[in-house]
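Asks: Supplied in structure tokens, the structure appears directly below.
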């Protein structure tokens, strides 16, 4: 029996359909997700100026320069039972031709917290004054003020000078002669306490950074510029800094510590911020406040203005709804 | 078929895998007149009937899916009644796809999608035969899940991971009948599918067949979509055009099967090609699936 006509027709349709499907160019049914990139200018910011702790610096600064005022504070840890015949304090730094003033310290102080504000309760009587013209100063004390061992000494000068700190290459030396024996000590702790007329000021629409005193740059990122419910791969603030520094970024807590090489744009990641906001379903903030602090441990007290037009938000993300 | 009810859940990435429950012949012809309990509870067997179907699907989107798609059992009681149960895989996928490397002004990245999941229907049915009339009803419980993972691996910036996990639960009720005249047979099958938290669908499938000699021609409307099939001796051919409106999928399919009887037990090999077009996303996505499989039917 031959093949019925309907079967032949259907077989033909089937073969044609199969072959047309095979001949068609193979293509994926999927589309990759769009990766969006966006750059937004941040135009809401201010700088707040404050005293800071400078105990990690490689140098100690004393004196006045360009509205900066600085005192050095040092403390040597030696046994208070030591019988002292004579004492020499040696400071090493740039060559000076100036008078140094040494003050007693009225109370103990804490490393990590002492700032220029602390002078109000630390600065005691001047117990030494002497003129020096050298790059290595050795001061001889016949008598030491009381509590020198526990509280230390504060040093001041007329012009601004710098000396190597305990973190520096040539730290200060305290030499104590007791009988036929001499003992040498490096500072147990030291810092310089710096002040400037801008301290306490809030400077709107200005971005400052500097050394010796602290500059807190507050950046306000408008929430409506962020696709809050997207998945972010990149969310960074771009900020140009002319000098090498450490940039510490805060949003409620420390976000990151970035070592920044000067004369380039630093990129500060805000990914943890958006992660927090998404986890907490926060979308009612009009602005996201970001705090940036810059530390320059090796540099002379000074102030720099940052170009505000370098302040931008860089975003790369995937929309969640796709 | 029911899978496509879920297809919109997956449509953002693909067209979904079309699985019609039952033996492979059912997927090819889609007529409620085929004696297949898992597709139309009005089916009837005079003996204890067991069915097992498995298939492998390849697609141009690089999917490879081996599936045990259907297991069914029916037992005759009081000569005119069948009591049965079945498990049907309505959705099963397990694949991964990596897109070609891409780049933008800041980074180089690759995207990968992985999708796994399945939906099973556990059903019980009752069918009744009286003379040339067969009627039946089915109750089914749907259970399954899907996990969809999307990864974008950036070279420089943070990688993005997105995982969506969905649990499915649902119920399905259906009823149908088939009536045989001399050479003509007519039938109707309707079902309600309720998927918790998703939606409720109603499907109606109507069919008519004409038999002459060794040849039977089956024409049916599968939710108003035309399907045609022909059974000639051991061969079955069929095809259809189905617009899954709610799921935004346009399907054109054709298939062939060969059935060999081992004593009274049909052993069927089948092959089907389905061309799928996405009509909803606007991307013009399309895919071609090639399915091959076999089914055993035991009658004792």
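The values are calculated or read from the model by the stated rules, or taken from the named source; none is laboratory data. Just so you know, these numbers come straight off a predicted model, no measurement behind them. Here Cβ is always computed from backbone atoms with ideal geometry, including for glycine, and neighbour counts include all displayed protein chains.
Asks: Just to be sure, is residue B:225 under 14 Å from residue B:279 (Cα atoms) and either within 14 Å of another protein chain (Cβ to nearest Cβ) or at pLDDT below 95 (or both)?
Replies: no
Asks: Does residue B:209 fit the bill of being buried (at least 19 other Cβ atoms within 10 Å of the Cβ), modelled with pLDDT of 85 or more and more than 17 Å from the chain's Cα centre (by Cα)?
Replies: Answer is yes for this residue.
Asks: Still on this structure, I have one more. Against the condition in contact (Cβ under 8 Å) with a residue 40 or more places away in the chain, closer than 25 Å to residue A:176 by Cβ, part of a strand (DSSP E or B) and in contact with a helix residue (DSSP H, G or I) (Cβ under 8 Å, 6 or more places away or on another chain), how does residue A:71 come out, does it pass?
Replies: yes
Asks: If a residue has to be touching a helix residue (DSSP H, G or I) at 6+ places or on another chain (Cβ under 9 Å) and modelled with pLDDT of 95 or more to count, how many in the stretch A:139-192 make the cut?
Replies: 1
Asks: Which of the following residues is in contact with a strand residue (DSSP E or B) (Cβ under 7 Å, 6 or more places away or on another chain) and in contact (Cβ under 8 Å) with a residue 60 or more places away in the chain: B:149, B:115, B:158?
Replies: After applying the criteria, what remains is B:115.
Asks: All but one of (1) within 14 Å of chain A (Cβ to nearest Cβ); (2) in contact with a helix residue (DSSP H, G or I) (Cβ under 9 Å, 6 or more places away or on another chain); (3) more than 30 Å from residue B:237 (Cβ to Cβ) hold for residue B:217; state the number of the condition that does not hold.
Replies: That leaves (3) as the condition not met.
Asks: Residue B:221 fails exactly one of the following numbered conditions: (1) farther than 29 Å from residue B:59 by Cβ; (2) free of Cβ contacts under 8 Å to residues at least 60 places away in the same chain; (3) part of a strand (DSSP E or B). What is the number of that condition?
Replies: The number of the failed condition is (1).
Asks: Next question, about the same structure. Look at residue B:279 and say whether it is surrounded by 19 or more Cβ atoms within 10 Å (Cβ to Cβ) and either at the interface with chain A (Cβ under 10 Å from one of its Cβ atoms) or more than 15 Å from the chain's Cα centre (by Cα) (or both).
Replies: No; evaluated as a whole, the condition is false for this residue.
Condition check ((1) touching a helix residue (DSSP H, G or I) at 6+ places or on another chain (Cβ under 8 Å); (2) within 22 Å of residue B:168 (Cβ to Cβ); (3) modelled with pLDDT under 90) across all residues:
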| residue | (1), (2), (3) |
| --- | --- |
| B:191 | no, yes, no |
| B:197 | no, yes, yes |
| B:200 | no, yes, yes |
| B:236 | yes, no, no |
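Here is a yes/no grid of residues against (1) surrounded by 15 or more Cβ atoms within 10 Å (Cβ to Cβ); (2) in contact with a strand residue (DSSP E or B) (Cβ under 6 Å, 6 or more places away or on another chain); (3) at pLDDT 85 or above:
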| site | (1), (2), (3) |
| --- | --- |
| A:238 | yes, yes, yes |
| A:254 | no, no, no |
| A:277 | yes, no, no |
| A:281 | no, no, no |
| A:307 | no, yes, yes |
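Asks: Say we look at the stretch B:108-123 and pick out the residues that are buried (at least 19 other Cβ atoms within 10 Å of the Cβ) and over 27 Å from the mean Cα position of the chain (by Cα); which of these is farthest from residue B:194 (Cα to Cα)?
Replies: Here the answer is B:109.
Asks: Still on this structure: Quick check, is residue A:287 in the same structural domain as residue A:217 (by TED's automatic domain parsing), farther than 26 Å from residue A:197 by Cβ, in contact (Cβ under 8 Å) with a residue 24 or more places away in the chain and surrounded by fewer than 16 Cβ atoms within 10 Å (Cβ to Cβ)?
Replies: When the stated conditions are applied, residue A:287 passes them.
Asks: Follow-up. Which pairs turn up if I take residues in the stretch B:178-189 that are more than 15 Å from residue B:41 (Cα to Cα) and look for partners that are exposed (fewer than 11 other Cβ atoms within 10 Å of the Cβ) with beta carbon separation below 8 Å, at least 6 apart in sequence or on another chain?
Replies: B:183/B:212
Asks: Residues in the stretch B:130-158 that are part of a strand (DSSP E or B), touching a helix residue (DSSP H, G or I) at 6+ places or on another chain (Cβ under 8 Å) and within 13 Å of another protein chain (Cβ to nearest Cβ): how many?
Replies: Total satisfying the criteria: 1.
Asks: I'm checking my understanding of the structure. Among residues of the stretch B:159-168 that are surrounded by 15 or more Cβ atoms within 10 Å (Cβ to Cβ) and more than 10 Å from chain A (Cβ to nearest Cβ), which one is modelled with the lowest pLDDT?
Replies: The selected residue is B:166.
Asks: Only one residue in B:293, B:255 is buried (at least 22 other Cβ atoms within 10 Å of the Cβ), more than 14 Å from every other protein chain (Cβ to nearest Cβ) and touching a strand residue (DSSP E or B) at 6+ places or on another chain (Cβ under 6 Å). Which one?
Replies: B:293
Asks: Still on this structure: Collect the residues in the stretch B:34-62 that are surrounded by 16 or more Cβ atoms within 10 Å (Cβ to Cβ), within 14 Å of another protein chain (Cβ to nearest Cβ) and either modelled with pLDDT of 85 or more or in a loop (DSSP other than H, G, I, E, B) (or both), keeping them in residue-number order.
Replies: B:60, B:61
Asks: A further question on this structure: Name the single residue, out of those in the stretch B:228-252 being in a loop (DSSP other than H, G, I, E, B) and more than 11 Å from chain A (Cβ to nearest Cβ), that is surrounded by the most Cβ atoms within 10 Å (Cβ to Cβ).
Replies: In this case the residue turns out to be B:247.
Asks: Examine the stretch B:97-107 for a residue that is touching a residue at least 12 places away in the same chain (Cβ under 8 Å), within 30 Å of residue B:160 (Cβ to Cβ) and surrounded by fewer than 16 Cβ atoms within 10 Å (Cβ to Cβ), and state whether such a residue exists.
Replies: Yes, some residue in the stretch B:97-107 is touching a residue at least 12 places away in the same chain (Cβ under 8 Å), within 30 Å of residue B:160 (Cβ to Cβ) and surrounded by fewer than 16 Cβ atoms within 10 Å (Cβ to Cβ).
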